[in-house]
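What follows is a single structure, written as structure tokens, with notes after it.
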Amino acid sequence: MEYEELIVVTWLIAEDEADIRNLIAMMCQVWGYNTLTFENGQKVWDWLDRVEQGSVNIPDLVLMDIRMPGKKGNELAQRMRTLPQLQQTPIVLMTAFALSEREQHEMMTADGVDHILSKPLPDFEQFRATLDRVAQQKRNA
């Protein structure tokens, strides 16, 4: 009898608005992903301390709001890119605020962000397709 290897894919979600965080987490779980959720930037920062110690599993994708209490999403992305464990992990930021092209460029070059989504988020299928595309591009880079 053959056994298939169980591959567990986890997406990290950091969003301070509980309704949005819960909806995204639920969608990701429906799509077959495990979720690791945080309600503010400081909790993600504390989790990154544990990543540095090598005591946690690394997510396959990171999806964070930019403006959260504590640390901002782009600050967290910048720190993530300094950690070898997270260098190849796709990072997607979400924002309800209009960002200038310069701000977007800076986040993508200086902070290591792979993609920025505007809120309101696209419909579920387009949202999933975008996240899958970003993850695939990062794997192929």
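For segment 54-65, the count of residues that are under 22 Å from Glu103 (Cα atoms) and β-branched (Val, Ile, Thr) is at least one.
Per this entry, Glu39 is counted among residues that are surrounded by fewer than 19 Cβ atoms within 10 Å (Cβ to Cβ) and of a type in the set (Asp, Glu). Taken over segment 85-114, residues that are closer than 22 Å to Glu39 by Cβ and under 17 Å from the mean Cα position of the chain (by Cα) amount to 12.
Restricting segment 73-117 to residues that are in a loop (DSSP other than H, G, I, E, B) and of a type in the set (A, V, I, L, M, F, W, C), the residue that is surrounded by the fewest Cβ atoms within 10 Å (Cβ to Cβ) is Ala98.
Checked against (1) surrounded by fewer than 20 Cβ atoms within 10 Å (Cβ to Cβ); (2) part of a helix (DSSP H, G or I), Gly70 passes all but condition (2). Within segment 118-130, residues that are touching a residue at least 24 places away in the same chain (Cβ under 8 Å) and assigned to a helix (DSSP H, G or I) reach partners that are aliphatic (A, V, I, L, M) and loosely packed, with under 14 Cβ neighbours inside 10 Å with beta carbons closer than 9 Å, at six or more positions or on different chains, in the pairs Phe124/Val30.
Each reported figure results from applying straightforward, stated rules to the coordinates on display, with no laboratory input. This is a predicted model, so every value here is computed, not measured. When we count neighbours, we look across all protein chains shown, and the Cβ atoms used for this are built from the backbone with ideal geometry, even at glycine.
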